[in-house]
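Peer 1: One structure is given below, represented as structure tokens, and several questions about it will come after.
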Amino acid sequence: RAKSKGKDGVEFHTPDMDITVAREVELHVELRKALDAGRFELFYQPQTDLRTGALAGVEALVRWNDPVKGYVPPSEFIRAAEESGLIERLGEWTIEEACRQTVRWKRLGLPPVRMSVNLSARQFRGEDLYRNVRSIVRETGADPRQLLLEITESVSMQDVPRTIRIMNELRGEGIRFAIDDFGTGYSSLQYLRSFPVRHLKIDRSFVTDLLRAGGSEPIVKSILDMAGHMGLDVVAEGVETEEQCRKLRQLGCGEAQGFWYSRPLPEAEATAFLCKLKGDSA
Ligand code: C2E
Ligand code: MG
Ligand code: MG
Ligand code: MG
């Protein structure tokens with residue numbers, strides 16, 4: 001029976017089938033250490049108003065800055081953070097850092113920028129989300145009206161009335177909500193009807209497939225039509241080409257986000273981007 005020593009001197013029994021489990025536990029330990037050591041950073045991806053070309057907002061996207069591996073994308077650690085329960089601390093850190101960033105930009109004399117932050121379903125599980133967010137907003141001095149919290153359809157599957165109650169409490173503070181990756185979940189329409197959301201983000205897969213014959217154009221049209229009737233703002237995700245951008249504008253989509261406009265930028269570059277926009281418009 002193979003035995004290996006974990007990072008903290010914990011001994012794992014690792015017959016073949018347990019190797020992945022051991023690796024996962026190791027990842028949980030590494031994530032916790034990274035959080036303690038302040039190794040997470042937020043990148044910011046601009047969102048553009050398709051009607052005016054102006055900046056509509058930014059989305060904060062977390063990165064793990066590991067001294068050896070470099071920037072690790074969320075696809076490699078968010079699930080582990082959720083499973084280990086660390087997402088509650090990481091999620092709070094993310095909201096706090098995003099709030100602090102809005103204050104730093106304000107101090108630089110930049111116009112208030114809408115700041116989108118992703119929330120995990122698990123962050124709705126405890127009773128503390130509302131109180132924590134409220135105290136983060138107060139302590140950082142951020143304007144809650146700049147915050148737009150992105151939730152996915154999986155959030156609702158847990159406990160709908162409670163989720164709605166927490167969302168309404170946060171709405172009472174001036175915080176807005178968006179549904180992320182819209183169209184990929186199971187409960188889209190039910191969601192739209194009952195959740196206090198103002199924005200929809202059309203999932204990247206529909207944008208990617210938009211211009212193909214027999215592709216996703218009818219779906220995108222339907223989403224835009226429905227959103228229009230419900231008074232919801234729509235952001236298209238993952239816009240990579242000028243053609244996609246033109247098509248979305250033609251279909252009446254309000255906002256776009258994607259590599260065509262900008263990759264997610266580290267703080268210094270995002271700040272430079274915003275300063276340049278301000279300079280150009282002055
Ligand atoms: P998301 O919220 O749907 O974020 C959009 C993702 O698409 C980002 O990936 C972004 O870098 C990527 N993206 C943007 N434009 C383009 C494009 O034109 N082409 C392509 N191929 N990709 C594009 P990222 O940063 O790796 O984040 C992945 C997911 O991880 C996010 O998807 C979100 O669900 C999650 N995530 C990111 N930050 C956080 C966070 O702070 N908390 C939580 N709970 N989840 C987060
Ligand atoms: Mg998002
Ligand atoms: Mg998304
Ligand atoms: Mg997505």
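Peer 1: Got a sec? Charge dipole of the stretch 139-282, +1 on Cβ for Lys and Arg, -1 for Asp and Glu; which of Phe259, Ile151, Thr271 is way out at the positive end?
Peer 2: Value computed over the given set: Ile151.
Peer 1: Dipole size in debye (nearest 20) for the stretch 188-282 around its Cα centre, Lys and Arg Cβ +1, Asp and Glu Cβ -1? Numbers along the way, then the final one.
Peer 2: Numbers: 12 positive and 13 negative charges, 39 e Å.
Dipole magnitude for the stretch 188-282 comes out near 180 debye.
Peer 1: Just the number: Rg to Rh for the chain, Cα atoms, Kirkwood Rh, two decimals.
Peer 2: Details: Rg = 20.1 Å, Rh = 20.2 Å.
We get a ratio of 0.99 for the chain.
Peer 1: Excluding same-chain residues fewer than 8 positions from Lys106, which aspartates and glutamates have a Cα within less than 12 Å of its Cα?
Peer 2: Within the straight-line cut-off, Lys106 pairs with Asp143.
Peer 1: Could you order the peptides 43-53, 88-98 from most to least packed, using the average number of other C-beta atoms within 10 Å per residue? Spell out each step's value before the answer.
Peer 2: Working: 43-53: 18.6, 88-98: 20.3.
Going by the mean number of other Cβ atoms within 10 Å, highest first, we get 88-98, 43-53.
Peer 1: Given only helices, namely DSSP H runs of n ≥ 4 each adding -39500 (n - 2.57), what is the per-residue ellipticity at 222 nm of the chain, to the nearest 500 deg cm²/dmol? Before the final figure, lay out the partial values.
Peer 2: On the way: 10 runs with 121 residues, N = 282.
Estimated from H runs of four or more residues: -13500 deg cm²/dmol.
Peer 1: Something else about it: Taking the Cα atoms only, what angle lies between the long axis of helix 267-281 and the longest principal axis of the chain, rounded to 10 degrees?
Peer 2: The helix 267-281 is inclined about 10 degrees to the chain.
Peer 1: State the Kirkwood hydrodynamic radius of the stretch 132-282 in Å, one decimal place, computed from all pairs of distinct Cα atoms. Mind dumping the intermediate values first?
Peer 2: Values: mean 1/r = 0.0587 Å⁻¹.
Computed over the stretch 132-282, the radius equals 17.0 Å.
Peer 1: Where Lys and Arg each count +1 and Asp and Glu each count -1, what net charge lies around Gly185 among other residues with Cβ under 11 Å from its Cβ? Walk me through the intermediate numbers first.
Peer 2: Details: positive: none; negative: Glu153, Asp180, Asp181, Asp203.
Local net charge: -4.
Peer 1: If you don't mind, there's one more thing I want to ask. Using only alpha carbon pairs under 8 Å that are at least six residues apart, calculate the relative contact order of the chain and give it in whole percent.
Peer 2: Working: 438 pairs, mean separation 48.2, N = 282.
Answer for the chain is 17 percent.
Peer 1: Once you charge only the Cβ atoms, +1 for Lys and Arg and -1 for Asp and Glu, what is the size of the charge dipole of the chain about its Cα centre, to the nearest 20 debye? Provide the component values of the computation, followed by the final result.
Peer 2: Values: 40 positive and 43 negative charges, 124 e Å.
So the magnitude is around 600 debye.
Peer 1: If you take every residue apart from Gly38 with its C-beta less than 15 Å away from the C-beta of Gly38, what net charge results, scoring Lys and Arg +1 and Asp and Glu -1?
Peer 2: Values: positive: Arg32, Lys33, Arg39, Arg63, Arg89, Arg100; negative: Glu30, Asp36, Glu41, Asp66, Glu92, Glu96, Glu97, Glu267.
So the environment of Gly38 carries a net charge of -2.
Coordinate-derived values only; no laboratory data. Not measured: the values here are computed from a predicted model. Because the Cβ atoms are built from the backbone with ideal geometry, glycine has one as well, and the counts that use them run over all protein chains shown.
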